[in-house]
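Okay, so here's the structure we're looking at.
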Amino acid sequence: MPRFAANLTFLFTEVPFLERFGAAREAGFDTVEILFPYDDPVGEVSDRLRDNGLTLALINTPPSNWAAGDRGFAAVPGLEARFRRDFEHCLRYAERLKPRHIHVMAGKASGLEARNIFVQNLAWAADLAADRSLTIEPINSVDMPGYFLNDFDQAAEIIAEVGAPNLGLQFDAYHAQIINGDAMAVWVKHGALARHIQVAGVPGRHEPAGGEIDYPAFFARLDSDGYSGFVSAEYHPSQRTEDGLGWAGLA
């Protein structure tokens, strides 16, 4: 079986954020990811990771104002300076929290200019953070209308164009299923580029069990392909988080 991680932005929401680290450890996880750790002092987050013996798989670059609709800035024309400022802020958190990967969010944009800016910003970020693993993630346009990176072929082409050894694919099986209708086929085509995986059930974005994706077959394929990264639970629990972890062998 793959190594599973808990997304603390989605899971254990029955308790306040800083208490979710302990809840994840108690449930059997030794690795977590956090979408946006920027609302709490970095020292507090670092202490919770250390005190619970947890490692951090991933954080996202800041969206600035998620509630207002911001989804990052890496592909947004005219906001290159904003992206670079925010990326440097992210690196300061990464220095303390030591995530395995940083997900660079493209933001809402479209067209050739946005693509060129995305490539340029990714190349800049990969060079600035040469000792960090960076990822980009296609996100379906139903959940996130207007998001620039919404296709796996597109992501593969951009990764190849940037050509940085520390840039790879963040493969979310939930988004792959919605975008292409066959998450396994997308994995077969692009899985070699993947550095980090996220999972959720389709439809509903609940536990990765049942539904349109055969997750036991998907996990077996990851094992047979030799995938060595983490598989993160990024879903909205349909019940108390701890009661729905049977899919990971933790309940």
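Considering only the chain, what is the antiparallel percent among its DSSP beta bridges, to the nearest 5?
Numbers: 2 of 27 bridges.
So the antiparallel bridges amount to about 5 percent of the total.
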Exercise for the section: Give me the distance in nm between label points sitting 7 Å out from Cα along the Cα-to-Cβ direction at residue 96 and residue 116, one decimal. Expected result: 3.9
Exercise for the section: Calculate the spin-label point distance for residue 85 paired with residue 153, positioning each point 7 Å from the Cα along the beta-carbon direction, and give it in nanometres. Expected result: 3.8
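Find out how many positive minus negative residues lie around residue 213, taking Lys and Arg as positive, Asp and Glu as negative, among other residues whose Cβ is under 15 Å from that of residue 213.
-4
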Practice task
Treating only the Cβ atoms of Lys and Arg (+1) and Asp and Glu (-1) as charged, compute the dipole magnitude of the stretch 19-66 about its Cα centre; round to the nearest 20 debye.
Solution key: 100
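Per-residue ellipticity at 222 nm for the chain, helices alone: DSSP H runs ≥ 4 residues times -39500 (n - 2.57), over residue total, nearest 500 deg cm²/dmol? Can you show the working numbers first?
Values: 8 runs with 91 residues, N = 251.
After summing the helix terms and dividing by the residues of the chain, the value is -11000 deg cm²/dmol.
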Handout entry: For the stretch 73-199, convex hull volume per residue from C-alpha positions, Å³
Key = 97
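Rounded, prolate or oblate: pick one for the stretch 1-50, where a ≥ b ≥ c are the square roots of the eigenvalues of its C-alpha gyration tensor, a/c under 1.5 means rounded, and failing that, prolate if a/b is larger than b/c, else oblate.
Working: a/c = 1.66, a/b = 1.54, b/c = 1.07.
In terms of gyration-tensor shape, prolate.
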Handout entry: Given charges at beta-carbon only (K, R positive; D, E negative), |dipole| of the stretch 3-248 in Debye
Key = 420
Exercise for the section: Can you tell me the dipole magnitude for the stretch 202-251 around its Cα centre, using point charges on the Cβ only (Lys, Arg +1; Asp, Glu -1), in Debye to the nearest 20? Expected result: 60
Handout entry: Spin-label model distance (nm) - residue 214 vs residue 42, 7 Å beyond Cα toward Cβ
Key = 4.6
Problem - the chain, relative contact order [Cα under 8 Å, separation at least 6], % - result: 20
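Which of rounded, prolate, oblate describes the chain, given a ≥ b ≥ c as roots of the alpha-carbon gyration tensor eigenvalues and a/c under 1.5 marking rounded, otherwise prolate only if a/b is larger than b/c?
Values: a/c = 1.61, a/b = 1.18, b/c = 1.36.
It comes out oblate by the Cα gyration axes.
Report relative contact order for the stretch 66-148 in percent, whole number only (criteria: Cα-Cα under 8 Å, sequence separation at least 6). Please list the in-between numbers first.
Values: 103 pairs, mean separation 33.0, N = 83.
That works out to 40 percent.
FYI, it's all coordinate maths here, none of it is from the lab. Since the structure is predicted, the reported quantities are computational estimates derived from the model, not experimental observations. No Cβ is skipped: glycine too gets one built from the backbone with ideal geometry, and neighbour counts run over all protein chains shown.
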